[in-house]
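Working notes, beginning with the structure itself.
Bear in mind that the values in this text are calculations on the coordinates, not laboratory data. Predicted model, so just to flag it, every value in this text is computed and none were measured. Here the Cβ positions follow ideal geometry from the backbone for every residue, glycine too, while neighbour counts run over all protein chains shown.
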């Protein structure tokens with residue numbers, strides 16, 4: 001596993017990304033860089049291509065054109081197996097909702113990436129428990145996602161995204177389905193943990209208050225990235 | 001990253017079958033009521049497969065003339081025993097196909113779960129393996145229950161031999177493994193993406209079909225060689241020829257079902273005068289192979305059912321003292337009647353499995369298209385129209401298949417009546433069989449309509 005450690009080079013760099021959904025272009029030459037430990041907010045109006053950009057950067061979707069470089073590897077050229085491995089070990093992904101498995105308890109949901117990697121269940125659960133504790137939802141460990149509030153479920157999602165010690169967390173509107181108080185709690189937990197662990201965060205949001213947590217903000221307009229300057 | 005409870009990715013152990021099995025167990029245990037019906041269906045299918053295979057193993061462990069205290073002597077003779085054994089093994093084919101259908105519907109129902117697994121870093125193959133192992137666990141349950149009951153039943157008949165015990169143990173282990181393998185094969189074109197499940201399109205090259213054809217040609221050649229060289233005994237070429245014929249017939253039926261569905265779709269799409277017919281026709285044209293296997297099974301069962309009813313009538317008339325040259329003894333009559341009853345039971349089991357497969361296929365089709373259907377309902381297409389279209393997707397391609405089944409079945413019974421040689425025409429009553437089977441198939445498709453009600457909820461549109 002090659003961990004990029006030189007902070008002078010970007011941890012993740014996208015160049016001239018293009019992607020179309022059928023005949024509708026979503027990205028038209030988007031370029032973006034993310035540095036080690038940086039919290040970057042990507043804002044923009046609905047339909048501007050923010051989520052597609054995140055999907056391409058996280059290796060979930062393959063771009064039609066352009067490149068995504070991470071640690072000396074071209075994500076856009078990697079086989080599916082390696083991309084899955086990266087998502088299991090180096091990347092964490094948080095969506096607005098729906099990424100938790102309803103059949104598993106919160107504890108097993110957080111332990112999932114470790115279980116997938118072959119870690120013994122006891123060991124995986126112990127690690128998962130530590131992360132739930134960290135996000136203040138240890139008491140909900142035995143609950144299933146349907147039995148939790150939106151804020152609790154989202155904190156469990158954050159714990160799952162961070163349990164393997166990723167270098168980057170991709171968060172797509174992580175507070176989009178929450179009320180303002182729960183949203184604030186989730187963002188504080190995410191930013192605090194990212195700062196403490198040195199994890200870079202790529203945050204997709206259309207909420208200026210959420211974007212204010214970031215070190216830097218860029219805007220996506222019509223499928224291209226427009227720099228916004230320092231937000232903090 | 002000091003102070004964080006992180007584990008180094010480099011230290012993560014290799015992905016193992018054990019960890020996937022553990023995950024499959026966790027997911028099965030956490031299944032909700034909607035999931036349990038599928039697990040139950042899979043277990044029932046595996047139970048049936050185990051029962052058939054155990055029966056075949058028990059019969060295979062017996063050699064020469066052997067008195068078996070039931071079935072009116074049908075199982076005493078090696079010749080008829082081999083026939084029953086072959087029929088039992090043949091019944092495994094639709095049951096295994098049904099298990100595959102169950103795995104596929106499971107993949108569709110659990111698309112969010114599979115997507116979440118992919119998002120958490122599972123490879124596409126790992127997701128398929130976990131899903132197959134879930135099926136394997138359900139099969140293990142069904143197989144265990146069936147084995148216990150079958151062994152208890154056989155102990156009542158008499159103590160099984162060592163060879164029979166070995167056969168039972170092999171079957172009890174092999175069925176869950178086979179169930180998992182069949183599931184994995186059924187899921188080979190299912191690709192779960194981290195954003196939701198997608199079904200991989202049929203490959204442009206038909207390598208699999210070509211390989212199957214090649215294997216069948218090779219089998220035919222081997223069988224022909226065995227017949228030509230005059231190999232005798234239990235290993236003569238006949239079973240191989242019958243097996244080859246069965247495979248060829250199955251392939252032909254699937255091709256016919258798919259090709260006729262495409263043709264019907266094309267013809268109706270341009271002539272449809274109602275929205276329901278148009279939707280059904282476009283669906284058939286778009287994916288004619290979606291239900292081809294279930295429809296092929298219905299076609300074969302209808303031919304077998306019609307043919308069997310005709311043969312049965314001719315045979316029973318022949319046994320009637322009014323027509324028989326010499327009166328049959330009660331033992332002989334019981335022997336023939338038991339044979340006919342067992343064959344009827346086998347055809348009914350095949351029909352039940354086919355209907356089960358059809359129901360699962362209809363549910364899969366709905367679940368696959370739930371977002372599209374929800375969008376159609378949200379944009380004003382009445383649910384009744386969508387329901388009619390769903391029924392027509394089954395009713396339209398099956399109609400010509402049932403006509404063919406009537407012709408084929410009547411051909412079989414006419415051939416047998418000519419063989420019987422007493423000048424009486426083949427009975428016409430069996431012609432009712434295709435109609436009954438057709439009605440059963442359409443009713444089975446109708447049974448999935450309540451699922452449509454749930455499918456077209458606007459809430460489905462949230463998950464895009």
Using a Förster distance of 51 Å, how high is the FRET efficiency between residue A:209 and residue A:81, based on the Cβ-Cβ distance and rounded to 0.05?
0.85
Tell me, rounded to the nearest percent, the portion of alpha carbon pairs in segment A:17-75 spaced more than 19 Å apart.
27
Mean projected area in nm² (Cα convex hull; one quarter of hull surface) for segment A:39-148:
8.9
Once you put a point 7 Å from the Cα of residue B:213 and another 7 Å from the Cα of residue B:337, both along the Cβ direction, what distance in nm separates them?
4.9
How large are Rg and Dmax for chain A when only the alpha carbon atoms are used, in Å?
17.0, 49
Per 0.36 nm of contour for each residue apart, how much would the distance between residue B:174 and residue B:152 grow if the chain were fully extended, relative to their Cα-Cα spacing?
6.0 nm
Quick check on the protein assembly as shown: helices-only [θ] at 222 nm, where DSSP H runs of length 4 and up contribute -39,500 (n - 2.57) each and the sum goes over total residues. Nearest 500, please.
-21000 deg cm²/dmol
Report, in cubic angstrom per residue, the convex hull volume of the C-alpha atoms of segment A:99-232.
119
Send over the Kirkwood Rh of segment B:58-112, from the inverse of the averaged 1/r over different Cα pairs, rounded to one decimal Å.
13.6
Sites residue B:229 and residue B:418 - FRET efficiency at Förster radius 45 Å, r taken between beta-carbons, to 0.05:
0.85
Counting all Cα-Cα pairs in chain B, those more than 28 Å apart amount in percent to 60
Computed over chain A: relative contact order in percent, which uses C-alpha pairs under 8 Å that are six or more apart:
28
List the relative contact order of chain B as a percent without decimals, with contacts defined as Cα pairs under 8 Å and 6+ residues apart.
17
With r as the distance between the Cβ atoms of residue A:24 and residue A:180 and R0 = 41 Å, compute the FRET efficiency 1/(1 + (r/R0)^6) and round to 0.05.
0.80
Determine, for A:155, B:383, the number of other Cβ atoms within 10 Å of each Cβ, and report the residues in order from fewest to most.
B:383, A:155
Give the percent of DSSP beta bridges with both residues in the protein assembly as shown that are antiparallel, rounded to the nearest 5.
60
The alpha-carbon center of segment B:64-92 and that of segment A:163-187 are separated, in whole Å, by 66
Gyration tensor over alpha-carbon atoms, segment B:245-390, equivalent ellipsoid semi-axes in Å
44, 15, 14
Work out how far the C-alpha atoms of the protein assembly as shown reach from end to end along every principal axis, then list the three figures in whole Å, largest first.
105, 64, 48
For A:215, B:20, B:286, ascending order of other Cβ atoms within 10 Å (fewest first) is B:286, A:215, B:20
Whole-number percent relative contact order across segment A:83-211, with pairs defined as alpha carbons under 8 Å at least 6 apart:
31
Can you tell me the orientation of helix A:150-162 relative to chain A, as the angle in degrees between its alpha-carbon axis and the longest Cα principal axis, to the nearest 10?
70
Taking Cα atoms, the helix B:238-271 axis meets the longest principal axis of chain B at an angle in degrees (rounded to 10) of 50
Enter the angle in degrees (range 0 to 90, nearest 10) between the Cα long axis of helix A:80-89 and the first principal axis of the Cα atoms of chain A, meaning the one along which they spread out most.
50
Listed residues A:124, A:200, A:41, most fluctuating in chain A (Gaussian network, C-alpha, under 10 Å)
A:124
Taking the DSSP beta bridges in chain A as the whole, what percent of them are antiparallel, to the nearest 5?
55
For segment B:246-314, what is Rg from Cα atoms divided by 2.2 N^0.38 Å, rounded to two decimals?
1.37
If I build a Gaussian network model for chain A, linking alpha-carbon pairs within less than 10 angstrom, which residue out of A:73, A:184, A:38 has the largest mean-square fluctuation?
A:73
Please arrange B:328, A:70 by how many other C-beta atoms lie within 10 Å of their C-beta, fewest to most.
B:328, A:70
